[in-house]
1. Examine the stretch 50-60 for a residue that is outside any helix (DSSP H, G or I), charged (D, E, K, R) and closer than 17 Å to Gly7 by Cβ, and state whether such a residue exists.
2. Could you go through the stretch 18-35 and let me know if any residue there is of a type outside the set (Val, Ile, Thr), farther than 27 Å from Tyr110 by Cβ and loosely packed, with under 12 Cβ neighbours inside 10 Å.
3. Among the listed residues Ile11, Ile42, identify the single one that is closer than 19 Å to Thr99 by Cβ and either part of a helix (DSSP H, G or I) or open to solvent by 80 Å² or more (accessible area, probe 1.4 Å) (or both).
4. Looking at Ala59, Ala92, Ala74, which one is under 15 Å from the mean Cα position of the chain (by Cα), more than 19 Å from Ser20 (Cα to Cα) and open to solvent by less than 90 Å² (accessible area, probe 1.4 Å)?
Amino acid sequence: QISLLIGFICINSSAWTDYSAYSYFQIVTMCDLVMILFFYIIHIFRIYRKLTCVSWPLAEFLHYLIGTILLLIASIVAASRSYNFSGLVAGATFGFLATILCILSIWSSYKVSCVTQSTSKYS
C-alpha cells in the first residue's frame with residue numbers, strides 16, 4: 001500500500017505529457033487504495049460476521065486480482081508515456097513494485113496453486 005501511495009504521489013506531483021495515461025493511473029491507484037481501506041474496515045469492525053450473505057474471502061480475492069491486473073496495465077501505460085521525466089518514471093516504478101507485492105500477497109494469502117488436484121478414493 002505504501003508503494004502504491006508513493007507511486008500515486010509521484011505521478012500526481014509530476015508534469016504530465018499525456019493526460020489520459022496518468023489520469024488512468026491515478027484512478028486505478030485511488031480505487032485500489034479505497035478498496036483496501038474498505039476491506040480493512042470490514043475486518044477491524046468485524047462486519048463480515050453480520051453480513052454473512054457475502055463471501056468476503058472471495059470478494060477480497062477478486063478485488064486483489066482485478067486491482068493487480070489493472071495496476072499492471074496502468075503501470076505499463078505510465079512507463080511507456082513517461083518521456084524520461086523523473087517523477088513519472090518513479091511513479092511507474094512504484095506501480096510495478098506495488099503490482100509485484102500484490103501478486104506476492106495474493107500468492108501467500110490465498111495459496112493460489114496452478115497444480116491440478118486429483119481426487120482419489122480411499123478404501
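The values are calculated or read from the model by the stated rules, or taken from the named source; none is laboratory data. Every value quoted in this text rests on a predicted model; they were computed, and no experiment measured them. In this analysis, Cβ positions are derived from the backbone assuming ideal geometry, glycine residues included, and neighbour counts consider all displayed protein chains. Remember, those area values only see protein heavy atoms, side chains included, never the ligands or the DNA or RNA. Shrake-Rupley method; radii C 1.70, N 1.55, O 1.52, S 1.80 Å.
1. Checked the stretch 50-60: no residue is outside any helix (DSSP H, G or I), charged (D, E, K, R) and closer than 17 Å to Gly7 by Cβ.
2. Yes, the stretch 18-35 contains at least one residue that is of a type outside the set (Val, Ile, Thr), farther than 27 Å from Tyr110 by Cβ and loosely packed, with under 12 Cβ neighbours inside 10 Å.
3. Selected residue: Ile11, the only one of Ile11, Ile42 that is closer than 19 Å to Thr99 by Cβ and either part of a helix (DSSP H, G or I) or open to solvent by 80 Å² or more (accessible area, probe 1.4 Å) (or both).
4. Just a single option satisfies the conditions, and that option is Ala59.
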